[in-house]
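The values are calculated or read from the model by the stated rules, or taken from the named source; none is laboratory data. What you see is a predicted model, and the numbers here were worked out from it, not measured in a lab. With ideal geometry, Cβ positions are generated from the backbone for all residues, glycine too; neighbour counts draw on all protein chains shown.
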Amino acid sequence: MTAIAGLTHAGSVFIGGDSAGVGGGWDLTIRADAKVFRNRGYLFGFTTSFRMGQLIRYSLKPPAPKGDLDKFMSTTFVDALRDCLKKGGWARKDSEQESGGTFLVGVRGRLYTVYDDYQLAKAADGFAAVGCGDQIALGAFYATAGTDLKPRKRVRVALQAAERFSAGVRGPFVCLSLKPKN
């Protein structure tokens, strides 16, 4: 349960997330440990599990991007991610197929969604969302496209809409940006 919302604008990536930690049934805790963070030139926002997020934040040593970024992310980056989650005891294997978790990652002005089967998606609209509030956040992004709202405000509006209409989303919200390196 969560809402992670991200968008690209003028070569920068913006990702925001809520603070809800939802467990068994209707239990909800407002977490102090943020779901959105930077790690070695990457910007992450996770759902699925705080354990997975902790591994990505503290154990993952993401390699420096090079060459064709889409190819790099789909191969070299995902290989490093898989190794990290396996070593941390988080990755699962069923019928010889591995699975991890779902999160957004921004790098070099691009925004990707990583799904639990390690596929990467890059939305044509320049925005993405994951978690139980994802469809609400996507609707807010669509509705604010072409307006004068600054990117950080659009992320906040998307998260506020998700909080309003999803029982699994709660503030406070954390929104970070990753500017392109010159």
>> Which pairs turn up if I take residues in the range 96-119 that are within 20 Å of Pro63 (Cβ to Cβ) and look for partners that are basic (Lys, Arg) and surrounded by fewer than 20 Cβ atoms within 10 Å (Cβ to Cβ) with beta carbon separation below 6 Å, at least 6 apart in sequence or on another chain?
In response: Tyr112/Lys122
> Got a sec? Which of Lys93, Lys71, Lys86 is in contact with a strand residue (DSSP E or B) (Cβ under 9 Å, 6 or more places away or on another chain) and in a helix (DSSP H, G or I)?
Replying inline: Lys86
> How about the range 123-151: which of its residues are among the small types (Gly, Ala, Ser), modelled with pLDDT of 95 or more and within 15 Å of Leu7 (Cα to Cα)?
Replying inline: Ala124, Gly126, Ala128, Ala129, Ala137, Gly139, Ala140, Ala143, Ala145, Gly146
> Which condition number does Thr144 fail, the rest of (1) β-branched (Val, Ile, Thr); (2) in contact with a strand residue (DSSP E or B) (Cβ under 9 Å, 6 or more places away or on another chain); (3) over 22 Å from Ala34 (Cβ atoms) being met?
Replying inline: (2)
>> Yes or no: the range 152-163 includes at least one residue that is of a type outside the set (A, V, I, L, M, F, W, C), part of a loop (DSSP other than H, G, I, E, B) and at pLDDT 95 or above.
In response: no
>> Restricting to the range 76-95, name every residue that is of a type outside the set (Gly, Ala, Ser) and more than 15 Å from Leu60 (Cα to Cα).
In response: Arg92, Lys93, Asp94
>> Tell me the residue from Ala143, Ala129, Ala167 that is part of a loop (DSSP other than H, G, I, E, B) and either surrounded by 20 or more Cβ atoms within 10 Å (Cβ to Cβ) or of a type in the set (Gly, Ala, Ser) (or both), please.
In response: Ala167
>> Of everything in the range 27-68, what is assigned to a loop (DSSP other than H, G, I, E, B), under 25 Å from Ala162 (Cα atoms) and in contact (Cβ under 8 Å) with a residue 40 or more places away in the chain? Give them in sequence order.
In response: Ala34, Lys35, Thr47, Thr48, Ser49
